[in-house]
Amino acid sequence: MLIKVRTKKLALTVPVPNWLLLNPFCTSYVLRRVNQEQVAVPVISSHQMQAFGRLIHDIKRTHGSLTLLEVEAADGTYVEIRL
């Protein structure tokens, strides 16, 4: 995953490995934290998160990079999240 943020004063690119976010340990940790904080998030099991991780892996293998979010604000701020 690649996160790009560009403003008038700052240009920031943050690479985040997909395996780091979608491995079973991290997904179970995130789900536990969400349940503790009681955030209004749909209920997702750890098995569903692992299946989602495998699906993301397969999509990247088939189609290459995929842009999840691309936003440009009126003040010139640009944010892009690419898988």
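The values are calculated or read from the model by the stated rules, or taken from the named source; none is laboratory data. All values derive from a computational prediction rather than experimental measurement. Cβ sites come from the backbone with ideal geometry, for glycine too, and all protein chains shown count toward neighbours. Areas reflect the complete protein model, heavy atoms only, side chains present, ligands, DNA and RNA absent. Shrake-Rupley method; radii C 1.70, N 1.55, O 1.52, S 1.80 Å.
Things to note:
- MRE, 222 nm, helices only [DSSP H, n ≥ 4, -39500 (n - 2.57), over the chain, to nearest 500]: -14000 deg cm²/dmol
- The relative contact order of the chain, computed from alpha carbon pairs under 8 Å that lie at least 6 residues apart in sequence, is 39 percent.
- For region 1-33, backbone nitrogen atoms closer than 16 Å to the point 7 Å from Asp75 Cα along Cα-to-C-beta are found at 5-12.
- Under Karplus coefficients 6.51, -1.76 and 1.60, residue-wise ³J(HN,Hα) of region 63-73 in Hz, glycine/proline x: 10, x, 6, 9, 7, 8, 8, 8, 10, 10, 7
- Using a probe radius of 1.4 angstrom, the carbon and sulfur fraction of the accessible surface of the chain is 62%.
- Per residue convex hull volume, Cα atoms of the chain, in Å³: 125
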